[in-house]
Structure formats: C-alpha cells, structure tokens
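**Q** One structure, pasted below without further comment.
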Amino acid sequence: MELRQLKYFLKAKELLNFTEAANVLNISQSTLSQQIKQLEDELHVLLFNRIGKRITLTEAGEVFGEYAAQSINRANDGLLVLQDLKNLNKGKITIGVIYSMRILFARTLIEFARQYPNIKIQVVFGTTKDLLEKLNANEFDFILTFHENLKEPHLKCQALLKANMVLVTARKSALAQKKSISLDEVAQLPLALPFSGYSTIHFFVQSFSRKNLEPNICMEINDIPTLFEIVKTGHWHTILSDTSVNDPEVVGIPIDGKNMKRTIMIISLKEAYEKKAVKKFYELLASMHAKNL
C-alpha cells in the first residue's frame, strides 16, 4: 500500500467521479482506476460500487477513508518535521481567528511578520463553529476563539486573555455616559446582534435565559463592521466583547455580573505536530496579552 494510492483513493472519495479526480490529480483516468483496483486487491475488499459511469462508496470505503486520511496527515507531519530543521527560514502557518479578536490579533501578526519575514502566514476569520470545524479537518495550525467549556479530548487548549462583555452603543446615545449596565436593562433595549453562528450570541441567549429575560432582538447580522454602522444611528445597540470595540463613534459599556467575562483560547489538535513557527507565534501572543489574563 502506497501513499500515492491513498491520495488517489481520498480524491475519488471526495469527488465520487474517477474522471474528475484524475483531472484534479493530473493523471489519466486509467492510471487512477488501476491504482485503486490494486489497492482494493491488496485490501481484499471493494472500496467503491461501480454503476456504469457512476461510483459510490461501499461501507468498507467509508471506514477505510478515515484511516487513509490519518495516514496522509501523519506523513505530512513527518514532512513538516523535516522542514522545521531549516530553523524558520521558510514555512507556513495557518490560523483561524474569531472576528472579535481581529484588532488585538493584528498587532501580534504585524510583530511576528517583522521578526520572521520568511514565514508565510494565512489568516482566516470566522465564527467559533466554523473555525472548530475547519480545525478538526486539519485546515488550521491553531485557532483563537471563545471556548471556555472545552470537552473535546482531542483538542489542546491554552487560555490567552480575558474579555469583558459590553453593550455597544453610539457615542451620541443617552446611555453612553453610563459606567455599567445590568442585563435586565439590556433586555429592554432594541438589539442588533451577531448572527447565530457566533458564540457571543449563544453566550447571551444563555445569560438572558438564566434570568428569565426575553431580549428585544431586532436584527441578527453576520458582519461586525455592519453592526457598528447600525449602532452609530443611535436607534439600536449590540453586545460584543470589549476586544471588538475600536470605532470612535461607539462606546462599550460593561455589563454587570460576575459571569460577564469570557476567555479567549488558543486551540489546536493534540495529535498534530506543532511547528516551530507556531510555537513562536504562541510565545508572542502570550507576551503581548499576558496582562489581560
């Protein structure tokens, strides 16, 4: 069994079409079919049902797919170890970040790029749900997100900083001078909140529910800058972490309550190889945000 055969199998499994898979892999369809047939012969089981020009996975193919992916990932980890021997002279790290961390994260990103100019960095912003799904699919080296109640045993979690939950209102609003605000008061206000994929809205739905409050949610928007534009009108308000608030036309009012702090975590896969560049990024993040824990 060869890694090449596993890669061919996984691409055919993904596309469920030998012709399309062969095109993506830049090989002939006959080569792909032959290699998969050899793999099936070695395993003594069919991985695909062949119905005319259509293919579907057999039950064995479904099961084998998980192990084939693990084998490819382990082989890639071995390659990463060898590349790391170049002492950060080249390489790439991929990071997923929640939207509310974008301001603080940008500062660390700039400093890291200055210190290690030969490391290519790819950053993807998204919701906690989306980032965790992609991390589990091995698309990120690590993610930065709220995830206080970590239960998944395959994930490694490090606390980075504490963030206060605040009511964001227009600077011209009558509320702008308040030093703090209760959750009861917040529930009475017209709210424009992040979309349901964001962990912040889940956090507050639970917070309101614990106090038997029904908030006045008028809008749900999956874009933080747009939320700010809505808030600037003075007619609506939103709830975010204080790490999100950097617009001079809005202010963040701390929400009363001992549970109104959340922890932003560095989350990675326990079994994945940890690149040297990733370790350096962790160190920089920790040094720049240690005072906020």
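Each value in this text was obtained by applying a stated rule to the coordinates, not by laboratory testing. Keep in mind the model is a prediction, meaning the values are calculated, not measured. Using ideal geometry, Cβ is built from the backbone for each residue, glycine included, and neighbour counts are taken over all protein chains shown.
**Q** What residue among Leu10, Tyr67, Gly126 has its Cα farthest toward the positive end of the dipole of the chain, where the charges are +1 on Lys, Arg and -1 on Asp, Glu, each on the Cβ?
**A** Gly126
**Q** Under unit Cβ charges (Lys, Arg +1; Asp, Glu -1), what dipole magnitude, rounded to 20 debye, does the chain have relative to its Cα centre?
**A** 860
**Q** Shifting gears a bit: Step through the residues of the stretch 24-32 one at a time and calculate ³J(HN,Hα) from phi using the Karplus curve (6.51 cos²θ - 1.76 cosθ + 1.60, θ = phi - 60°), rounding each to whole Hz and writing x for Gly and Pro.
**A** 5, 7, 6, 10, 7, 5, 5, 5, 4
**Q** Label-point separation (nm) for Asn216 and Asn259, each offset 7 Å from Cα along Cα-to-Cβ?
**A** In this crude spin-label approximation the distance works out to 2.4 nm.
**Q** Is the stretch 44-135 best put as rounded, prolate or oblate by its Cα gyration tensor, with a ≥ b ≥ c the root eigenvalues, rounded for a/c under 1.5, and otherwise prolate when a/b is larger than b/c, oblate when not?
**A** In terms of gyration-tensor shape, oblate.
**Q** Can you give the extra length, in nm with one decimal, that the chain gains between Tyr67 and Ser287 once fully stretched, where that is 0.36 nm per residue apart less the Cα-Cα distance?
**A** Net length gain for the segment: 75.3 nm.
**Q** If R0 is 51 Å, what FRET efficiency do you get for His235 and Ala137 from their C-beta distance, rounded to 0.05?
**A** It comes to 0.80.
**Q** On full extension of the chain, what length is gained from His202 through Lys172, given 0.36 nm per residue of separation minus the C-alpha to C-alpha distance?
**A** Stretched fully, the His202-Lys172 segment lengthens by 8.0 nm.
**Q** Residue separation times 0.36 nm, minus the C-alpha to C-alpha distance between Val24 and Lys90: what's the value?
**A** 21.1 nm
**Q** Among (1) 20.2; (2) 18.9; (3) 22.2, only one was calculated for this model; which label is it, if the read-out is Kirkwood radius over Cα pairs in Å?
**A** It is the value labelled (3).
**Q** Of all DSSP beta bridges in the stretch 150-290, what percent run antiparallel (nearest 5)?
**A** The answer is about 70 percent antiparallel.
**Q** With +1 on each Lys and Arg Cβ and -1 on each Asp and Glu Cβ, and nothing else charged, work out how big the dipole of the stretch 3-84 is about its Cα centre, in Debye to the nearest 20.
**A** 340
**Q** Additional query: Please give the charge dipole size of the stretch 163-260, origin at the Cα centre, charges +1 on K and R Cβ atoms and -1 on D and E Cβ atoms. Round to the nearest 20 debye.
**A** Roughly 280 debye for the stretch 163-260.
**Q** State the Cα centre-to-centre distance between the stretch 173-188 and the stretch 4-70 in whole Å.
**A** Taking the Cα centre of the stretch 4-70 as reference, the centre of the stretch 173-188 is 59 Å away.
**Q** Treat each spin label as a single point 7 Å out from the Cα along the C-beta direction, and report the Val45 to Glu271 distance in nm.
**A** Going by the 7 Å Cα→Cβ label model, 1.7 nm.
**Q** Now for a separate question. Quick one: which of Lys120/Lys232; Lys134/Lys162; Lys7/Lys92 span more than 27 angstrom between C-alpha atoms?
**A** Lys120/Lys232
**Q** Let me ask something else. Run through the DSSP bridge list for the chain and note the antiparallel percent, rounded to the nearest 5.
**A** 60
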